[in-house]
Amino acid sequence: MASLYKFPLKMHIGAPCKAIVKEGEALERGQCIAEPEGLGVKIHTSVSGTVDKITSSEIIIKAHEVQSKDYIRIKKCNTIKETCCEAGIVGAGGAGFPTYIKLDASIPDGYVIANCVECEPILGHNIAMIEQNPEVMLKGLQYAMEAVNAKNGIIAIKSKNKKSINSLTNSLSKYKNIIIKELDDIYPMGEERAIINQIFDKWLEPTQLPLEASSVVLNCETLCNITRAVEEGKPVIDKDVTVGGKLCNKKDVNIFFDVPIGTPVSEMIDRCGGIDGEYGEILLGGPYTGKAGSLDSDVVTKSLGGIVVTIPFPKYEGNVGLLVCACGANEDRLRYIASKMGAKVVEVLPCKNVENIRGVNKCKTPGKCPGQAAVILKFKKAGANRLIISNCSDCSNTVMNSAPQLGLGVYHHTDHVFRTVNHQLTRRLK
Ligand code: SF4
């Protein structure tokens, strides 16, 4: 077990929290250590110990050698929404949006959708959780329905996850008005508007929220955290994590439940036997939306679900064009990969479906390709010999229908990650 645990003051969308503890102070697991200033949620320590250091971006706690699973409970609240606020619950699927704000709605004829899509390949902790213990998520879904007065609950899950669907089906008889909706296995099926389109056959505008379809969408682990907060008074102090890739234990995928937040990423890799030889990067998150992390400084946070050690990047010292998706890697991530390959970037273009809204790229119809031939021609004209793309499954198919014919090689930004674990590449997918 690590002795130092780091708690970033910003593990959510919004402003960084403010530390409410002092250096040298003794702490119990579950104690609140930081409070929001503006949009945000409370942060609680996952370990008992002493505050070692406080900086402008994190609180570092020196943990006691022996730790208990027990924790200080949050105060009793009058509503489920307040409970979520007090427990510091945010979207555990990567977004980190404060849950109590999502629950600030009343949709009597609407739906709470459990996002059990686990859209990113390799990551498997949500599906494993549902398979082993579906009740925790189902209860959370029911609490969320109660919080927003929604009559209906829908579990959105990929049809390929047969065991988890069976497990859910066996438990569903106890729950009223909750149904399972099986979705296609494409990227980005976990995007909220893609889920709503598959369920209701309706595209929301990029500026519209699920509420416009009388829906609130909550990730599987977020729902589990609601159950734990309501029934056990547990703040968000533990996280489920998938660790995969080039590891000495030779397992492509390792699933860990209830990892104390603040645990160093390096310790998670050590738990898998350490890194197996030369590697390319420590990817934090999933293959499509993850970012390069550091073994020295990164830790498990409230929204970190994946740690993948990849093979080295391939070398290509020619001219490349970057085709940027709104739902996968952004321009910075593609430039990072190009630099690791040693390539020269000669053009950067967004997918035709991207709309820039107040500086943020949004896709008009996530996962449904508008055709890519025109942008491929522009890359050719700019002198690119290869493309690095971050497109969704559907668009990658259409890129493959035109780029190779024009003599442009295609590298998808997930390639080195998928090659590490022998996963099918994002190319011509059915
Ligand atoms: S249509 Fe374009 S922007 Fe939308 S998900 Fe596919 S590649 Fe990304």
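The values are calculated or read from the model by the stated rules, or taken from the named source; none is laboratory data. Because the structure is a prediction, the values reported are computed rather than measured. Counting neighbours? That spans all protein chains shown, and the Cβs are built from the backbone with ideal geometry, glycine included.
Computed quantities for the displayed model
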item: Sole residue being buried (at least 24 other Cβ atoms within 10 Å of the Cβ), at negative phi and touching a Leu at 6+ places or on another chain (Cβ under 7 Å), chosen from 123, 141; result: 141
item: Out of 403, 338, 326, sole residue that is touching a strand residue (DSSP E or B) at 6+ places or on another chain (Cβ under 9 Å), among the small types (Gly, Ala, Ser) and away from the ligand (no atom under 16 Å from the Cβ); result: 338
item: Inter-residue pairs, beta-carbon under 8 Å, first more than 17 Å from residue 197 (Cβ to Cβ) and without any contact (Cβ under 8 Å) to a residue 24 or more places away in the chain and in region 354-374, second assigned to a strand (DSSP E or B) and within 12 Å of the ligand (Cβ to nearest atom), 6+ apart; result: 356/350; 356/362
item: Any hit, region 376-390, residues being more than 20 Å from residue 292 (Cα to Cα) and among the aromatic types (Phe, Trp, Tyr); result: yes
item: Test: residue in region 305-317 that is in contact with a helix residue (DSSP H, G or I) (Cβ under 9 Å, 6 or more places away or on another chain), within 16 Å of the ligand (Cβ to nearest atom) and either modelled with pLDDT of 95 or more or not assigned by TED's automatic domain parsing to the domain that holds residue 400 (or both); result: no
item: Residue count for region 358-395, restricted to those that are over 21 Å from the mean Cα position of the chain (by Cα) and away from the ligand (no atom under 12 Å from the Cβ); result: 17
item: Strands (runs of 3 or more DSSP E) wholly inside region 1-99 containing at least 3 residues that are crowded, with 16+ Cβ neighbours inside 10 Å and aliphatic (A, V, I, L, M); result: 58-63
item: Residue 114 vs. criteria surrounded by 23 or more Cβ atoms within 10 Å (Cβ to Cβ), under 24 Å from the mean Cα position of the chain (by Cα) and among the aliphatic types (A, V, I, L, M); result: yes
